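Beneath this line is the structure, given in structure tokens, with notes to follow.
The values are calculated or read from the model by the stated rules, or taken from the named source; none is laboratory data. Given the structure is predicted, the values throughout are model-derived calculations rather than measurements. Cβ coordinates were reconstructed from backbone atoms using ideal geometry, including for glycine residues, and neighbour counts include every protein chain displayed.
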Amino acid sequence: MSFVELVTIVVDEYDPAIAFFVDALGFELVEDSPSITNDGRPKRWVVVRPPGAATGLLLARADGEGQSAVVGKQLAGRVGFFLRVDDSMGPTSGCAMLVSSSCASPGPNRTAG
């Protein structure tokens, strides 16, 4: 069986991104391991995923001006990730508390942001 295992999302900082996905959206923190960049600087390997899902999100901290510039704009203003949930109010209820988040409910059982 073939499937997409990870999709990378560039974030400003690891911990607020983990808090958003885990606390607000109910994702599982699958891995949070120390790692190093190609030139020896410390980083983390952070993977979150919805409960029961095969595909996870690799949360990659922006490294340099070019990567920092795409945080929050990785899809050029398009909605690119759709999360199907059993309870449409569950995951989105925490979004109102997060000033920097962009959560919307475009239809039954869908959360886009």
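Quick test for you: out of Val22, Val30, Val10, pick the one residue that is over 21 Å from Ala69 (Cβ atoms), at pLDDT 95 or above and not in a helix (DSSP H, G or I). Can you show your working first?
On the way: Val22 fails: not in a helix (DSSP H, G or I); Val10 fails: over 21 Å from Ala69 (Cβ atoms).
Result: Val30 is the single residue among Val22, Val30, Val10 that is over 21 Å from Ala69 (Cβ atoms), at pLDDT 95 or above and not in a helix (DSSP H, G or I).
Checking the structure you have, find out if any residue of region 60-79 is basic (Lys, Arg) and surrounded by 12 or more Cβ atoms within 10 Å (Cβ to Cβ). Spell out how you get there, then give the answer.
Kept after step one, since they are basic (Lys, Arg), are these residues of region 60-79: 61, 73, 78.
From what is left, the residues that are surrounded by 12 or more Cβ atoms within 10 Å (Cβ to Cβ) are 61.
Yes, some residue in region 60-79 is basic (Lys, Arg) and surrounded by 12 or more Cβ atoms within 10 Å (Cβ to Cβ).
Please report, ordered by residue number, the strands (runs of 3 or more DSSP E) entirely within region 52-107 with at least 1 residues that are within 17 Å of Val22 (Cα to Cα), in contact with a helix residue (DSSP H, G or I) (Cβ under 8 Å, 6 or more places away or on another chain) and modelled with pLDDT under 85.
Numbers: elements: 56-61, 82-84, 104-107.
The strands (runs of 3 or more DSSP E) meeting that bar are 82-84.
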